[in-house]
Amino acid sequence: MSSKFQATISSDSVVIDIVEPHPNFSKIVQSVLTQIVKQKNLDQLREYGGVEGLASSLKTNLKHGINGDVEDILRRKEAFGSNTYPRPPRKKLFDFVLEALRKPTSLIILACATVSLGLEIKQHGLKKGWQNRRFIKLSEVSNNIQVDVLRNGGEQKVDRSEIVVGDVVCLNNGDQVPADGLFISGHSLLVDESSMTAEINPVEVDLSHNHNNPFLFADTKVTSGNGRMLVISVGMNTTLGEIITISIDSNEHTPLKYKLNKLTSSTGKVVLSVTFLVQVVLLIRYFTGNQKDMNGNAEYNGSKTKAYDILNSVFDIIAAPVTILVNAIQGGLPVAATLSVAHSMKRMMSDHAMVGKLSACETMGFATTICTDKTGTLTLNQMKVTTFWLGQDFIEKKGISSVATSVVELLHHGIGLNTTGSVIMSASGSEFEFSGSPTEKAILSWAVSELNLDMEGLKQSGEILHVEAFNSTKKRSGVLMRNGEQNTMNLHIKGGAEMVLAMCSNYYDVSGAIKVLDDDERKIFDGIIQGMAASSLRCIAFAHKQVPEEENEEGKNQIEEKCLTLLGLVGLMDACRPGVKEAVLEFQYAGVNVKMVTGDNIFTARAIATECGILKPNQDMESGAVVLGEQFRNYTPEERMEKVNNISVMARASPLDKLLMVQCLKQKDHVVAVIGDGTNDAPALKEADIGLSMGQGTEEAKECSDIVILDDSFRSVATVLRWGRCVCTNVQKFIQLQLTLTVATLAINSVVSVSTGEVPLSAVELVWVNLIISTSAALPLATEKPTKELMENPPVGRTKQLITNVMWRNLLCQALYQTTVLLTLQFKGEAIFKVSANVNYTLILNVLTLCQVFHVIFLWKLENKNVFEGILKNHLFLVIIGVTIAVQVVVVEFLKKVAGTERLNWWQWGVCVGFASVSWAIGAMVEDRKVTGEA
C-alpha cells in the first residue's frame, strides 16, 4: 500500500489520485492517514499493520516517541503539515479604500470633489486641506495549549501548534485531544465527542476485541481515564480542519448595506439625471441670450462675446449643477448607520453580548429565522434526576423510605461502583462536589441526596473485580464486584433503558420481592420508558445479577450479561435554560421563526422543542414539522426548498445537515441567525447571516460566530434582536430626514437655477445644513434605545423595501412643504417681509436649517404621537439639539463675514421658528394614517 496510487471512494464514483509519498516517509501518505481516522476504517488500518504498523511507517517508537530534534520536526511538518488552522485574513486600510471606491456614491463624490477643486483653483488660487479617518484594529490573542508528548524517550510539554505527525501524546482526564490519532494504550479512556457530533454520551476508545474503536479526533475532550495516542493527522488534515475549511467566510454584504447601497445608487441616478437636465437648460439659456448679467444685458452675444468670457460662463454653468450634485449625495447615510451600529455594539456588551463583527448588529435587525442547537443552548447541559420507578411503582421524592433496604443497598452498589464519576466532600465540609459526565454527576447527586449513598463506606465494603466501561454501541457499562460483608459476587449493569430491559428476565418490586418479567409485564415497562422519553427525559436503567464463583474463572474477561433482575429506572432531564420559553415567544411575536436543529434523538428533541414553545403539542413528523437529518439530506433539492419553511425541529442532524438547512433558508431569501456552541455548529455558524455562540462554547464555534453570548442566556439573544431592530429603525428615521432634505434642496436649486440661472443655496450652505443633519440627527437618532413597539412589527427581511409607504408619504409631504416655503421666500420673500436680499437669503438658510432640527425632534419618537414623551430624560438628545440651535444662532448673528448672513430681529426669528414648527403638524397628520392601518 505504499504505492503512488490512492483510491478515494465516494457514493457516486471512485476517484484515483496519484500521490507522491514524501522521501523520508515513503511507506505512507497523508491522504491515507486522514481517511483512516475520518472514516474510522478498521480494514484499512489492518492493511497497514494496525497501530504498530502505522507507527513503523511514521518512524515512531510507541514507547519512547519520536526523536524530536529540530530536523526531525521540520521533516514531519514538511511531509504532513503543521498543527495550525488558518485565521480569517484581516483587511488593511488599502482594502477598505478599494471597497469604498467600488461604490457608485463614492465615485460620484470623488468626481464632484475633483470638479469643485478645479473650479476653486481656477477662481481663487491653490488651497489645500486634508482629512483622515482612523480605523481601530481589533487583535485577537490566542493562548497555546500545552500538550504532554513523548520525545526521545522522555515526556515533555510542547505547544499544541508544535504537535507533528508521529508524535505520541499522553492524554489524561480533562485534556483536549490536540489532533487526529489512534489509541495506543491506556485505561478506561472515555472521550466526549459532543463538540464534533453533538452526541452527549462519552465514547470509549480502546483496542480490545469488544470495543475496537481506536480513533481519536482533534478538539474532543477526555472525560475519564488515560491513554496514549499516535498522532496521524494535524492541522487542516484533521476532521476539525475539514469543518474549518467548510466554514470559510463568504464576505457577503449585509442586508442593511445592500439596501443602503441600492438606495444611494438610485438616489445618485436621479441626481445625475437632474444635474444633466439643469446643465442642458442653463447652456441653452446662455447660448440663446436669455442669461442676463448684473446690468440686465445678455451674457452671450454671438461672435461679439470673447472666447475667454464664454469659457468663464461655461465654468459657472457647470459649477451650479455640481452644487446640486454635492448636496444630493447621501454621504450621511453610512455615517448614521455606523454610529447606530457602534452604539448598539457598546450597549450590547453591557447586556452580556460580545460583538465580534460590527455588521452583525445591523443584520440581526433583519433576521427572519433563527436556527438553534439544543444542548447547552436551549438547555443547561446539566442533567438532573426527576423521575424514579421501582418495578411498576413511581417513587415520590419522599417515598424512598418505603423501598426495601436490600434493594436500596443494591442500588448503592450499582450506582456508586459502576461509575466514572466521583463524590468529594467540599473544603468547607458542608456539601459534596461531583465530577464526571453530566449524566454521571446527576445520578450520583441524586443517590447521595435521596438514597443516602456513602461512597467512602461503599468502597471499603466492596471490591471491584472487573470493569466494563461504557460502550457507545451497547450503550451500557458494567462492573463485577465482591461484597465483603456477604462474600458474594454481583454484576451491576447501567445504561439505556431499552438495552438493559432486554437483558432482564425478572424485576424487583418495592418490597424487595423478585417477579418474573413476562411479555405482558415487559409491555408495561416499555410504556413507562416511552412515557419518560415523551416527557423529554433520558431514561437510565439499573440491573443486577448474583454471579456464581465458577462464572468468574481466572482469565475470563467476558461475563454473561443475561437473566438480570431490573433494579429500577430513573429519568434525567436536561432542563431548559431560564427564560427560554419567554424568549421563543418574543421571537415568534416579532415575526421571527425559531427552528431547533440538534444531534439528539427525535424523542428528546421533540419533547424539548414542545417545552420551549418551538413546537406546538399537536405538531409531529406527519405534519412535516419534525424531521430527521438523514431525511432532510435525502430529499431532492426541490423537496428541501418546498419543505424547509415548515420544519420546526430537525433531530439527529450532522454538521452538514445544519449547513444544508441554512443554505436552503438563505436561498428562500430568509435572513438566518444560527445559535450554537459546539464545533459541529461551526459550518452553519459561518454560513449564517448572523452566527451567535454561547460563552461556554468551543473556541471553533466562537471563531465562526459574529456575536458571543457571555452569560449563556437565550434571553440575551432576544436582547440582541431588539438592538438589531433598533439599528434598523434608527437608520430608517435618518433616511426620512436625509431624503427630505435631499428632495427639498434638489427641487429648490433646480427650479431656481433653471428660472434665474443662479443657485440660491451654495455648496457652503448645503454643507452646513448637511453637517447639522450629521450631528443633531445622526447622534440622537443613532443612540436611541430599543422599545417594546419594535417587536410588534414584522422583520424587514432580505426582500422588503427599507423605505415603507408611510415613510415615503412622510418625507414627500415634508419635502413638499419645505420646498413650497423656501421657493416662496426665494421669489417673494423680499416683498412679503420687506427685507433686503441679504436678509432674505438669511431667512431661507435659517428656515431650512430649523426645519431639519424640528424634523429630528419629530422623528425621535416616531412611534408615539407625543414627540415630547421622555424627552427630558434623554440628556444627550437635549444637549445636541441645544448646541445645534446655539451654533445656528451664532452663525446667523455673528458670522456675517464667514457665512454671508445678516442679523435677524426677534420677529424674523419667530417667523423662522413658526415655519419650522409646522413640520410637526404635517408629520402628525401623516403618521395618524399609519395608526389607522393605512400603508
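Shown for the stretch 783-894: lysine pairs separated by 8 or more places, or found on different chains, whose C-alpha atoms are under 30 Å apart, numbering 12. Take 228-239, 664-675 and order them by the average number of nearby Cβ atoms within 10 Å per residue, most first; the result is 228-239, 664-675. Between residue 711 and residue 315, the contour length at 0.36 nm per residue exceeds the alpha carbon distance by 136.3 nm. Largest accessible area first, the listed residues 256, 656, 62 line up as 656, 62, 256 when surface is computed with a 1.4 Å probe on the assembled protein chains. Peptides 534-546, 693-705, 48-60 ranked from most to least packed, by the mean per-residue count of other Cβ atoms within 10 Å: 693-705, 534-546, 48-60.
Quick check of the Kirkwood formula: for the stretch 552-696, what is the inverse mean of 1/r over all pairs of different Cα atoms, in Å?
Numbers: mean 1/r = 0.0580 Å⁻¹.
Radius from the Kirkwood sum: 17.2 Å.
As a calculated quantity, the FRET efficiency between residue 349 and residue 585 at R0 = 22 Å, using C-beta atoms, amounts to about 0.30. From most to least packed by mean Cβ count within 10 Å, the peptides 419-425, 606-612, 802-808, 813-819 give 606-612, 813-819, 419-425, 802-808.
According to the calculation over all Cα-Cα pairs in the stretch 394-437, the P(r) per 10 Å bin from zero is 23, 34, 40, 3 %.
Filter the cross-link list 259/643; 38/475; 384/459 down to pairs whose alpha-carbon distance in this structure exceeds 26 Å.
Working: 259/643 28 Å; 38/475 22 Å; 384/459 24 Å.
Going by Cα-Cα distance, 259/643 fall outside the 26 Å limit.
Once all protein chains are placed together, residue 482 keeps about 60 Å² accessible to a 1.4 angstrom probe.
Can you work out the FRET efficiency for the pair residue 187 and residue 52, with r the C-beta to C-beta distance and R0 = 22 Å, to the nearest 0.05?
Details: r = 19 Å, r/R0 = 0.88.
Computed FRET efficiency for residue 187 and residue 52 comes out at 0.70.
The values are calculated or read from the model by the stated rules, or taken from the named source; none is laboratory data. Everything numeric here is computed off the predicted structure, so don't read it as measured data. Don't worry about glycine lacking a Cβ; one is built from the backbone with ideal geometry, like all the others, and counts go over all protein chains shown. Each accessible area value is taken on the protein alone, full model and side chains, heavy atoms only, with ligands, DNA and RNA left out. Shrake-Rupley method; radii C 1.70, N 1.55, O 1.52, S 1.80 Å.
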